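Novice: The structure follows.
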Amino acid sequence: MTRDEAHSTFRTRLARPRDTPTRLALAALVGSGRLWGGLFVALPCFALAATRVHEVFVPLAAGLPLGLCLWLQWLSHEFVAPELTVDSAAATLTLSKPYGNGRYSPVDAADIDRVSIVQFSAIALVRLRYRRWGVSKPAATVIPSSDVAELRSRLAAMGFDATVRRVNSRPAAVPQSATDPAVSRIAATTVVLVGYVGALSYLYGPRVFVTDSVVVPLVVLVIFGCYSAVWRFRLRRARRS
């Protein structure tokens, strides 16, 4: 097998405004079940319990939903213009960085514990699980669903039997199967955020959301969103030119 035969690059684009719900839904699926449960189940429950202990925790609890939304928004930017390069001969995977043409350092196959794929109708989320956790290591990318078979073939040449879980609908669409784990997590993320805000409003009134702990992350969220919109507009314009 020559180097060209062992080398594949997978690209897709989710840069349009209407792709925003899809990118956010994919971001909710990036982490492990434990990480998601800790952030979107345990942490909100702990924050609500803390507010009943002392009201000093109420402003901090009110800012929690915005912090979680900012985390999802940050993760979702990995999927604006993702690119995955698989080199079977060198046994490496290279993922693109958001905001530009940069790339993360190549990931050696020996550092990867397993690869799982969540396949929707048009796109597929490729999730990497490492033997050792690292902050700078990319956790996931997106490829076209039509390229899943080729990607699995490349990964098999590197010794990975990538599992594929198929979901019958796109993340932004109404799910056909509410029992699918991926769809359930996406739906639960929305329910938790809305329910948490509703619970705080019921317990302490809307006034708890007019504090610095809410305003500051809200401003950051808006600035980050505007920057992302400008960058995505430039990306689409550059592609058309």
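The values are calculated or read from the model by the stated rules, or taken from the named source; none is laboratory data. The structure presented is a predicted model; accordingly, all values stated were derived computationally and were not measured. Every residue, glycine among them, receives a Cβ derived from its backbone with ideal geometry; neighbour counts consider all protein chains shown. Note: accessible area is taken over every heavy atom of the protein model, side chains too, but ligands, DNA and RNA are not part of it. Shrake-Rupley method; radii C 1.70, N 1.55, O 1.52, S 1.80 Å.
Novice: List pairs: first in region 152-167 and without any contact (Cβ under 8 Å) to a residue 12 or more places away in the chain, second in a helix (DSSP H, G or I), Cβ under 9 Å, 6+ apart or cross-chain?
Specialist: Pairs that qualify, where the first residue is without any contact (Cβ under 8 Å) to a residue 12 or more places away in the chain and the partner is in a helix (DSSP H, G or I), are Asp161/Arg152; Asp161/Leu155.
So that you can scan it fast, the table gives a plain yes or no per residue for (1) surrounded by fewer than 16 Cβ atoms within 10 Å (Cβ to Cβ); (2) more than 16 Å from Phe10 (Cα to Cα); (3) without any contact (Cβ under 8 Å) to a residue 12 or more places away in the chain:
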position: Pro82; (1), (2), (3): no, no, no
position: Thr85; (1), (2), (3): no, no, no
position: Ser88; (1), (2), (3): no, no, no
position: Leu93; (1), (2), (3): no, no, no
position: Tyr104; (1), (2), (3): yes, no, no
position: Asp111; (1), (2), (3): yes, yes, no
position: Arg114; (1), (2), (3): yes, yes, no
position: Gln119; (1), (2), (3): no, no, no
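Novice: With the checklist (1) open to solvent by 50 Å² or more (accessible area, probe 1.4 Å); (2) touching a residue at least 60 places away in the same chain (Cβ under 8 Å) in hand, flag the one item Val53 doesn't pass.
Specialist: (2)
Novice: Only one residue in Val126, Val174 is open to solvent by 70 Å² or more (accessible area, probe 1.4 Å), within 29 Å of Gly33 (Cβ to Cβ) and either assigned to a strand (DSSP E or B) or at pLDDT below 90 (or both), so which one is that?
Specialist: Result of the check over Val126, Val174: Val174.
Novice: Starting from region 218-233, keep only residues that are among the small types (Gly, Ala, Ser), then list their pairs with residues that are open to solvent by 80 Å² or more (accessible area, probe 1.4 Å) and in a helix (DSSP H, G or I) whose Cβ atoms are within a distance under 6 Å, requiring at least 6 positions of separation or different chains.
Specialist: The qualifying pairs do not exist here.
Novice: Regarding Leu35, is this residue without any contact (Cβ under 8 Å) to a residue 40 or more places away in the chain and part of a helix (DSSP H, G or I)?
Specialist: The answer is yes for Leu35.
Novice: Next question. For region 213-235, state whether one or more residues are open to solvent by 50 Å² or more (accessible area, probe 1.4 Å), at pLDDT below 90, charged (D, E, K, R) and not assigned by the TED database to the domain that holds Ser88.
Specialist: yes
Novice: Testing Val208 on (1) open to solvent by less than 40 Å² (accessible area, probe 1.4 Å); (2) among the aliphatic types (A, V, I, L, M); (3) within 22 Å of Pro98 (Cβ to Cβ), one condition comes back false. Which one is that?
Specialist: Only one criterion in (1) open to solvent by less than 40 Å² (accessible area, probe 1.4 Å); (2) among the aliphatic types (A, V, I, L, M); (3) within 22 Å of Pro98 (Cβ to Cβ) is unmet by Val208, namely (3).
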